[in-house]
Amino acid sequence: MPRTNTAWRRFAFVVLILASLALLTVSFREAESGPVYAIQKAGESLLAPLQSWGAKVAQPFVDGYEWFKALLSARDRAAELEAQVQELQGQAMKLEEAAEENQRLRGLLDLRSQDIYPDGTDFLIARVIGKSPTRWESWVLIDKGEKDGIRPGLPVVGATPLAGESLAGKGLVGKVLETTARTAKVQLITDPESSVAAKVQGSRAEGIVEGSVSGRLIMDYVDRDIPVDPKLVVITSGYGGVYPKGIPIGIVASVGEEDVNIYKEIEVEPFVDFRVLEEVMVLILPLSSGSQLGE
Amino acid sequence: MFVRNLKEVGRYLVLILGPVVLQVAFVSHVTVLGVTADLFFITTILVALTRGRLAGAALGFVCGLAADIAYMQPLGVRSLIYVLVAYAAAVVMTRLGTVGPGAMLLVAGGLSFASQLLYGVVQYVTGPRGGFLELIAFQVLPGATLDALITLPAYWVLVRLRILPPIGPEVFATQGEET
C-alpha cells in the first residue's frame, strides 16, 4: 500500500483508470444477461421517468428558445419562403399550362382515332408559332414544314379547350397553303378565301362552308327545300378532294332563308376556337388520295 | 467534525446528483449550436480545479458512469475520459499557477475539445464511421465552445451556493504538493 499522501493519491488515480478500463472491457464483452448490463439497465429504468418528466417540463423552455431562434431568423426565412412561393407559383403555372396542353393533345388524338381518314394517312402534330396580323385573312403559321413531309393542300385539324358539346373544341382548322423547309402557313376555314365542301349530319343538306372577314362561317348553296335544324353537326362532305369526308366543322347556329335566294344561308359555329389555337394536327394524306389546292 | 463531514458528503451528493438530474431532465433537451452542453464534464472540471485532481478524478469516474447509464453507452467510456480530463485539468492549473476567468474558459474549452475528440475516436472505432472533419466541425468545436461558456457561470453558481470553494492559493498549494 502507498505510504505517503501523494503516493496514495496516485494509486487511487491508477485504480480509477483501471476500473474504467475494466468496466469498458466487460461492457463490450459481456452478454446481455451479465451483471454489468443488468446494472446499466436498472440505472436506465431509474432515469427514464426523470427523462420523461424533464422532457415535459423542458418543452415550454425548448419551445421558447426555438421561438426566439426562429424570430432571429424570421426575416431571412420570410425572404426564403417568398422565393419558394414564387418558384412554386411558376411551377404551378407550368403545370397548369402542361395540363391544358395535355388536354389539347388528347383532343387531337381523339380526332386521330376517328375512322374517317384514307388508308396510309400520317398525322403530324405541329405548334402554332404565328397568326395573321389582320382580319382580312385568317391563317396560322406552324412549326413544321416540307422537311416534315408537309405539302400545300393538306388538311389540318385542331383541338381547343371548350366545354359543352361532345365534339366541342375538336374539328377542322383549314388546309396548308404554303410551305417552307421548316414552317407552313395554314389557311383557316374562317378565311374569306376559304371554301369547304360540307354537309349537315342528320339531313341531306349539302353546301359550301365559307369564311368571312367577320370571322363567321357561312354554309352557302344549301337547297332551301331541305329542312335544316339548328344544333345539327356540320361535317366535311369529302367532295373537292382536299378534305376527307366526315371531319367535324361545327354546328348549325342559325338558318337563314330569303325569298330572293334559292339557297339557304346557314351560319355555322365552328368547333375549334381559333383565337386560342396552339397546336394543330396536319393530316399527311397519301399522294394517291389526290389532295390538291383549291376546292 | 461529524457535521462538517456530513456537509462534505452532502456537497458531493449534490455534485453527483445535480448534474444527473439537470442533464437528463433539462439540458439534454436543449440544443445550442447543434449540440447539448455536458454538465458531467463541467462538474468534473470544476471539482478538479477547486478540489484537486483526486477529488476531480473520483467525481469524474462517478459522473462518467452516470453519463454512460443516462446515454445508454457501454459503461466505462466516459468514466475513463472524465478521470483523465480531471487529472489533466489539475495539472494544467498547477502549471499555470492561477486560474482567472479567461484561463478557466480556455482550460474548460481545451479539455472539452480533447475529451470529445477522445470520445469521438472511441465512437469511430466501435460505432458507425463518420467523417473526421465533420466530427470536428459539427460536434467537437461547438461542444467545446458551449461547455467552456457554461463553465464560468456554473463555477460562479456553485461557489455562491458554497458547494465548491473558490479557487485560491491554498488550492494551488495542494496541487503543487501532488506533483
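Residue by residue through the stretch A:58-70, what is 3J(HN,Hα) from phi via Karplus (6.51 cos²θ - 1.76 cosθ + 1.60, θ = phi - 60°)? Round to whole Hz and write x for glycine and proline.
6, 4, x, 5, 4, 4, x, 5, 5, 4, 5, 4, 5
Mind giving me the FRET efficiency for A:D143 and A:Q89? R0 is 30 Å, r the Cβ-Cβ distance, nearest 0.05 is fine.
E between A:D143 and A:Q89, to the nearest 0.05, is 0.60.
Students often get this wrong, so check it: of A:K131/A:K264; A:K144/A:K245; A:K94/A:K144; A:K170/A:K231, which have C-alpha atoms separated by over 26 Å?
Long pairs (Cα-Cα over 26 Å): A:K131/A:K264.
Calculate the spin-label point distance for A:A99 paired with B:E134, positioning each point 7 Å from the Cα along the beta-carbon direction, and give it in nanometres.
It works out to 4.0 nm between the two label points.
Return the average number of partner chain Cβ atoms within 10 angstrom of each residue Cβ along peptide A:56-64.
If you average over the peptide's residues, the count of other-chain Cβ atoms is 2.
So, counting K/R as plus one and D/E as minus one, what does the shell of residues with Cβ under 15 Å around B:A66 add up to?
-1
So, in nm, how far is label A:V213 from label A:F28 when the simple model puts each one 7 Å beyond its Cα toward the Cβ?
9.8 nm
Over chain A, what is the relative contact order in whole percent, taking alpha-carbon pairs under 8 Å and six or more residues apart?
17 percent
Could you work out the longest stretch of chain A that avoids the chymotrypsin sites (Phe, Trp or Tyr not before Pro) located in DSSP loops with at most 15 other Cβ atoms within 10 Å?
Answer from the scan: A:1-135.
Suppose every K and R has +1 on its Cβ and every D and E has -1 on its Cβ; what is the size of the dipole of the stretch B:8-164 about the Cα centre, in Debye to the nearest 20?
Computed charge dipole of the stretch B:8-164: roughly 340 debye.
Calculate the dipole size of the stretch A:103-289 relative to its Cα centre from +1 charges on Lys and Arg beta carbons and -1 charges on Asp and Glu beta carbons; express the result in debye to the nearest 20.
Charge dipole, the stretch A:103-289, about its Cα centre: 740 debye, nearest 20.
Would you mind getting me the FRET efficiency between A:V276 and A:A74? Use the beta-carbon distance for r and R0 = 41 Å, nearest 0.05.
Once the sixth-power term is evaluated, E becomes 0.40.
Among the GluC sites (Glu not before Pro) in the stretch A:205-292, which ones are in a DSSP loop with at most 16 other Cβ atoms within 10 Å of the Cβ? Mind listing them?
A:E258
For peptide B:28-36, compute the average count of partner chain beta-carbon atoms within 10 Å of each residue's beta-carbon.
If you average over the peptide's residues, the count of other-chain Cβ atoms is 3.
Any idea how far apart A:R182 and A:N5 come out in nm if each label point goes 7 Å out from Cα toward Cβ?
Going from the A:R182 label point to the A:N5 one covers 9.7 nm.
Is the C-alpha gyration tensor of the protein assembly as shown telling us rounded, prolate or oblate? Criteria: a/c under 1.5 is rounded; beyond that, a/b larger than b/c is prolate, otherwise oblate.
prolate
Taking only C-alpha pairs under 8 Å that are 6+ residues apart, what is the relative contact order of the stretch B:1-125 in percent?
Over the stretch B:1-125, the number comes to 20 percent.
What does the extension gain come out to for A:Y65 and A:K245, with contour length at 0.36 nm per residue minus their alpha carbon separation?
Gain in length upon complete extension: 57.2 nm.
Can you give me the long-range amide H partners of A:V128? Hydrogens built in the peptide plane at 1.01 Å from N, cutoff under 5 Å, separation of 5 or more residues or another chain.
Those lying under 5 Å, H to H, from A:V128 are A:E279, A:V280.
Could you state the number of Å between the C-alpha centres of the stretch A:168-185 and the stretch A:193-213?
19 Å
Ignoring everything except DSSP H segments at least 4 long, calculate the 222 nm mean residue ellipticity for chain B; use -39,500 (n - 2.57) per segment, divide by total residues, nearest 500.
Mean residue ellipticity at 222 nm (helix-derived): -25500 deg cm²/dmol.
Classify the stretch A:5-68: rounded, prolate or oblate, from the alpha-carbon gyration tensor (a ≥ b ≥ c, eigenvalue square roots; a/c under 1.5 rounded; otherwise prolate if a/b is larger than b/c)?
oblate
In debye, nearest 20, what is the charge dipole magnitude of the protein assembly as shown about its Cα centre with +1 on Lys and Arg Cβ and -1 on Asp and Glu Cβ, if you could check?
4060 debye
Between A:K41 and A:Q201, 0.36 nm times their residue separation minus their Cα-Cα distance comes to what?
This chain segment gains 48.9 nm when fully extended.
Each reported figure results from applying straightforward, stated rules to the coordinates on display, with no laboratory input. Bear in mind the structure is a predicted one, so any value in this text is a computation, not a measurement. Because the Cβ atoms are built from the backbone with ideal geometry, glycine has one as well, and the counts that use them run over all protein chains shown.
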